[in-house]
Structures are given as C-alpha cells and as structure tokens.
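Following: one structure in structure tokens, then a few remarks.
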Amino acid sequence: SFFVGMAQGSQPIVSYNYGADKHYRSKQTCLLSSFICFSVGLVGFILFQTIPETIISIMGSGDSEYTRFAVKTMRVFLSMIMCNGVQMTISNYFSAIGKPIKGVILSLVRQVVVIVPLLYVLPMKLGLDGVLYAAPITDFVAFVLALGLIIFEFKNKSYKEHK
C-alpha cells in the first residue's frame, strides 16, 4: 500500500513538471520516490528476515507447523520487496509522462510474462518452494527491466538541468 501511495502520489508532480518542460524536476521526483520506496522496502525486508514471528503473530496464530510455514513464506516471498516499490514507481512515472506503453510493459512483465512460466516450471523442480520463489525472481527481473528503461529515458538531453 505504501508503494502504491508513493507511486501514485508522485504522479501529479511528475506530470506537472514534465508538461511544463521541467523534465529535470520530474526526474528528481522519480528518483526521490524510488529512493524512498527502496528504503521503506529495505526496512520491511530487514523486519521480515529478523522478526517474522512477531509480524505473523499480529495477523493470526496457529500451531508450530503454521508458524514455520508462514515464516518461510514471508522470508522468501517478500525477499525482493525493496525492488517492487522501485519498479512500481518507475512504471507510474512512464504513465505520468505520457508513455503508458512502457508502464504497461513493466506491469505485464511482472504480472504475466515472467511469473506465469515460473509458476509452471519452478514447482516441477522445487515443489511448493517453486511457487514461493517465483515472486521474488519476478520482482527482480521487473526491477532490472525498470532500471534499464528509466536509465535509457533519463539519457535524453531534455532531462539535463536548465540553468
């Protein structure tokens, strides 16, 4: 929810500055939003890895088998949470500057193109663990693609600061 709020909350700032030909400001907003999402995701990652039992106990309780599985699931499934926020921010950035195809590509890569084949192949090799590992692998692939697209976008001369 935090990532969605940050990504969507930055859109008006990005759109306004991009539309006013202040592309450098829209770039700064994207970078700042991405940094904040990465930082919050990193804090979440640290908490999910160090005190998963405490977090799980907030949501419910069960026997030791339930807790063991929930801890493993949280640690694996959310291991790339910091990448997810950055990818979402970059995806929304492209929509805000009038390049929604790039945003759609990022969303499709994450939600269909990568995860569907992984959900088919990984469980055959790893069983239930394959289902768990599909999400962080997909998050990482989408993160790398988002970084590539945004670096390419920011190489455009219109993003240079005007003095």
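Table for the structure above
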| read-out | value |
| --- | --- |
| Listed residues GLU153, GLU53, GLU65, most fluctuating in the chain (Gaussian network, C-alpha, under 10 Å) | GLU65 |
| Cα gyration tensor shape for the stretch 123-163, rounded if a/c is under 1.5, else prolate or oblate | prolate |
| Radius, Kirkwood style, for the stretch 50-123 when every pair of distinct Cα atoms is counted (Å) | 14.8 Å |
| The stretch 74-163, accessible surface, carbon-and-sulfur percent (1.4 angstrom probe) | 72 percent |
| Span-like helix ranges in the chain, DSSP H, alpha carbon extent 18 angstrom or more, Kyte mean at least 1.0 | 128-154 |
| Accessible surface, the stretch 13-122, averaged per residue in Å² (probe 1.4 Å) | 55 Å² |
| Of SER61, SER26, SER15, the one that fluctuates the most in a GNM where the chain has Cα springs shorter than 10 Å | SER61 |
| Highest-fluctuation residue, GLN11, GLN87, GLN111 considered, GNM on the chain with Cα pairs under 10 Å | GLN111 |
| The chain: proportion of alpha-carbon pairs further apart than 30 angstrom, % | 26 percent |
| Within the chain, helix-based [θ] at 222 nm, where runs of 4 or more DSSP H residues each add -39,500 (n - 2.57), nearest 500 | -27000 deg cm²/dmol |
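The values are calculated or read from the model by the stated rules, or taken from the named source; none is laboratory data. Please read these numbers as outputs of a predicted model, since none were measured by experiment. For the accessible areas, the whole protein counts, side chains as well, though only heavy atoms, and no ligand, DNA or RNA atoms are used. Shrake-Rupley method; radii C 1.70, N 1.55, O 1.52, S 1.80 Å.
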